[in-house]
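FYI, it's all coordinate maths here, none of it is from the lab. In this text the structure is predicted, and so the values were computed from the model without any measurement. No Cβ is skipped: glycine too gets one built from the backbone with ideal geometry, and neighbour counts run over all protein chains shown.
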Amino acid sequence: MWIGWIAFDLLLGDVHSLKEKRRILRPLIADLSRRTEAAAAEVGAHDLHRRAEIGVAVVAGEASRVRDLLDRAERAVADDHPEITLLSTRRGLHSSAD
């Protein structure tokens, strides 16, 4: 069994409040969960209204499947949400045997 994760450091567009931030992040997180069949959540920068950190975690039987799902999540954030600028990503991949 393989466990993978990816964290996105995001800069949000024309956002002036935490309420507006949530209005942008809620559909993004739902989209990531739906596309990757994985857990997605806001994991950092909670008190900053123009920055966000989103994490996605996935478990699969093969490392290649985990990589594919994490790649799909990264493409979704980078390509399908013009109101968001992807600043950086961090990834991890671990075997249950580790």
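The table that follows gives values for the structure above.
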read-out	value
Between 0 and 90°, nearest 10: helix 63-80 axis offset from the chain longest Cα axis	20
C-alpha long axis of helix 18-36 to longest principal axis of the chain, angle in °	20
Per DSSP, loop GluC sites (Glu not before Pro) in the range 1-49 with at most 14 further Cβ within 10 Å	Glu37
Mean separation of Cα contacts under 8 Å, 6 or more apart, over the residue count of the chain: relative contact order %	47
